[in-house]
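What follows is calculated from the coordinates using simple rules that are stated; it is not laboratory data. Just so it is clear, the model here is predicted, and its values are computed rather than measured. With ideal geometry, Cβ positions are generated from the backbone for all residues, glycine too; neighbour counts draw on all protein chains shown.
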Amino acid sequence: MGKDIRKILYESSHFFVPKKIKNALDKHIYGSYEDTFYLNYWSVIHFLSGVLSGYIYIYLDYPKKKYFINMIIIHTLWEIWQFIIGSSSLKISGKNNIFDLLVDTILFMLGSLIPYYYYKKDDELNINKLD
């Protein structure tokens, strides 16, 4: 048959992000893959994903009481998927290491703070609407 299932799953990530864009996002902002801690343009994507996920969550009127728990669950599921397909590892250093997973989660959660504190639905704004 040819390809094993792990390779097929790993390449499924190209559905979400074409290889050319992935390579551009892999460029470092701080540190390098040889370091335990580094930031690359994926770090920015994780932050922006937190912002977008938060806006969608609030817009869809999910309970704000469980906001942070649900945001961490959403991001953790994504990181688990990356681990399953072989895109992440539990190594101490190198590309997509355990510290990178933690930094990605922190950046996602920091991004999710923006909509939590600043996004208000129209009915929460107490705007007098013209009927």
- Query: In debye to the nearest 20, how big a dipole does the stretch 16-119 give about its Cα centre with +1 on each Lys and Arg Cβ and -1 on each Asp and Glu Cβ?
  - Reply: 220
- Short version: ³J(HN,Hα) in whole Hz for each residue of the stretch 38-47, in order, from phi by Karplus 6.51 cos²θ - 1.76 cosθ + 1.60 (θ = phi - 60°), x for Gly and Pro, what are they? 8, 10, 10, 5, 5, 4, 5, 4, 4, 4
- Task: Would you list the P(r) distribution for the stretch 16-119, with all Cα-Cα distances sorted into 5 Å bins from 0 and each bin expressed as a whole %?
- Result: 3, 13, 21, 23, 19, 12, 7, 3, 0
- Query: Can you count the Lys pairs in the stretch 16-119 with C-alpha separation below 24 Å, eight or more apart or on different chains?
  - Reply: 8
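Going by how many other beta carbons lie within 10 Å of each one, how would you line up Val17, Val51, fewest first?
Fewest-to-most Cβ neighbours within 10 Å comes out as Val17, Val51.
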